[in-house]
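Contents: one structure, followed by commentary.
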């Protein structure tokens, strides 16, 4: 049966090379190619290989903005025994993106046990980001970018919240750059804050920012996604939603 062992060994080597190549493609921003390669590299035999697969899959989903899916895969990697500081660092980043700062700090405590200077430096940067978020520093940037979108695309309109949202919907259905679309989500969030007594919960990226209104979390970026993907006919402010 020595031949069977060789087949399994060389199959594992090829699979790990595919996963490593997928990780490299992901780092280069080539997400579609990385996902296609990763799909062909899932192990059904070796637990360690499967854990690495889930780690890279989690990073891929995080880049795509699927934070729930990414969280599941990264926790699966840990559960399968991949207790690497890099996994926990990515989990900390993900938790910051989900506005769960205390949990992120607890995860960074484990990351700081690493001997890798690069990992320790990234942990230091994440702690700095969390501290700035707690001091409210991102809020000034959110306000500035929201106002920039209003002046650039809505001609400085100071209409009612509902009228501004209607104007925003019309502008969103035309061509916008990625940066402008991010600014649009920040403007929508500002409308929730100013007209519905909302509170910003800042994540790591513009699309991660949430607004707490009446005990319910709202994602301005997701509200815009649903409009543009045809899931909603219009953007509804919280008090207009049924129920």
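Below is a table of values for the structure above.
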{"read-out": "Relative contact order [Cα under 8 Å, 6+ residues apart], region 137-240, whole percent", "value": "23"}
{"read-out": "Mean separation of Cα contacts under 8 Å (6+ apart) over length of region 68-150, as relative contact order %", "value": "22"}
{"read-out": "FRET efficiency for residue 173 and residue 110, using Cβ-Cβ distance with R0 set to 45 Å, rounded to 0.05", "value": "0.50"}
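Readers should treat all values here as calculations from the given coordinates under stated rules, not as data from a laboratory. If you're wondering where the values come from, they're calculated on a predicted model, not measured in any experiment. Note that we place each Cβ from the backbone using ideal geometry, even for glycine, and neighbour counts take in every protein chain shown.
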